[in-house]
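Quick notes on the structure that follows.
The values are calculated or read from the model by the stated rules, or taken from the named source; none is laboratory data. For clarity, every value in this text was computed on a predicted model and none was experimentally measured. Backbone-built Cβ (ideal geometry, glycine too); neighbour counts: all protein chains shown. The area values use the complete protein model at the heavy-atom level, side chains included, leaving out ligands, DNA and RNA. Shrake-Rupley method; radii C 1.70, N 1.55, O 1.52, S 1.80 Å.
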Amino acid sequence: VTLHDVLSHHRLTNELLPTSVVCWLVRQILEGLKYAHSGARDRRGKLLHIVHRDVSPQNMLVSMDGDVKLVAFGIAKSALRVGQTQSGVLNGKFYYMSPEQATGETLDHRTDIFSLGIVLYELLTGELLYKDDDDITLLSKVRRADILPPSQIRPEIPPRLEQIVMKALARDRASRYPSAQHMQ
């Protein structure tokens, strides 16, 4: 099932996933991002530096055996890829975009870290980070990245875990984790 399915089920039953399960799931996704960002190579051995650009619960699969996979690399970008994304076109789901993605800036791996930070936030709180359905209002909120600490929704979140979430969700990408491995 997708992680979106898991979140939907838990929202319907008004249950939160245990913090230990949330951390384990996110660590598995970080392992996949670590490979995409700094391990994937072409046939000649050259690093691809893949940026997923659509990290969201809909693109995370959880098997009955506990395997966790990041899928749907259809809009991913590689440093070696020929061609550019059309100017002014936003690729990805608005709810899970980084501020730089929502403003059409050049992206690097830290956009995926921000998006995973949103997923982590939602897994911990059981709530969407942004609650607007109107695309204009939503994009404005995404660009500002003015984020309420998750402990204000779920006070029992450990302070160190909240620091991890908020660092991943830093508005300025230079203030985020420098790599998936560092966040892991």
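Take the residue pairs Lys34/Lys93; Lys46/Lys167; Lys69/Lys167; Lys69/Lys93; Lys34/Lys77 and return only those whose Cα atoms are more than 26 Å apart.
Details: Lys34/Lys93 21 Å; Lys46/Lys167 30 Å; Lys69/Lys167 23 Å; Lys69/Lys93 18 Å; Lys34/Lys77 15 Å.
Long pairs (Cα-Cα over 26 Å): Lys46/Lys167.
Counting Lys and Arg as +1 and Asp and Glu as -1, what is the net charge of the other residues whose Cβ lies under 11 Å from the Cβ of Val62? List each step's numbers first, then the result.
Numbers: positive: Lys69; negative: Asp5, Asp65, Asp67.
In short, -2.
Using a 1.4 angstrom probe on the protein heavy atoms only, line up His9, His52 by accessible area, largest first. Don't jump to the answer; show the numbers that get you there.
Working: His9 100, His52 0 Å².
Largest accessible area first, the list is His9, His52.
Measuring with a 1.4 angstrom probe and ignoring ligands and nucleic acids, Met166 comes out at about 60 Å² accessible.
Quote to one decimal, in nm, the extra length available between Thr2 and Val21 on full extension: 0.36 nm per residue of separation minus the C-alpha distance between them.
Values: separation 19, 0.36 × 19 = 6.84 nm, distance 1.51 nm.
Net length gain for the segment: 5.3 nm.
From the protein chains alone at 1.4 Å, what is the descending order of accessible area for Leu116, Leu48, largest first? Kindly include the intermediate steps, with their values, before the conclusion.
Working: Leu116 0, Leu48 35 Å².
Listed by decreasing accessible area, they come as Leu48, Leu116.
Using a 1.4 angstrom probe on the protein heavy atoms only, line up Val1, Val26, Val21 by accessible area, largest first. Working shown, then result.
Details: Val1 100, Val26 10, Val21 60 Å².
Reading off the accessible areas and sorting them downward yields Val1, Val21, Val26.
Take every pair of alpha-carbon atoms less than 8 Å apart whose residues are at least six positions apart; their mean separation over the length of the chain yields a relative contact order of 23 percent. Where is the GNM fluctuation largest for the chain (alpha-carbon springs, 10 angstrom cutoff): Val119, Val62, Val142? Of Val119, Val62, Val142, the most mobile in the Gaussian network model is Val62.
Over all orientations, the stretch 94-155 has a Cα convex hull whose mean projected area works out to 4.0 square nanometres.
Solvent exposure of His37, expressed as accessible area, is near 20 Å², computed with a probe of 1.4 Å over the protein chains only. For the options Glu122, Glu15, Glu162, a Gaussian network treatment of the chain with springs between C-alpha atoms closer than 10 Å singles out Glu15 as fluctuating the most.
Summarise the long-distance tail of P(r) for the chain by giving the % of C-alpha pairs beyond 22 Å. Intermediate values should be presented prior to the final figure.
Values: 7387 of 16836 pairs.
Roughly 44 percent, once rounded to a whole number.
Selection among Ser20, Val142, Thr111 by position relative to the dipole of the chain gives Thr111 as farthest towards the positive end (Cβ unit charges, Cα centre).
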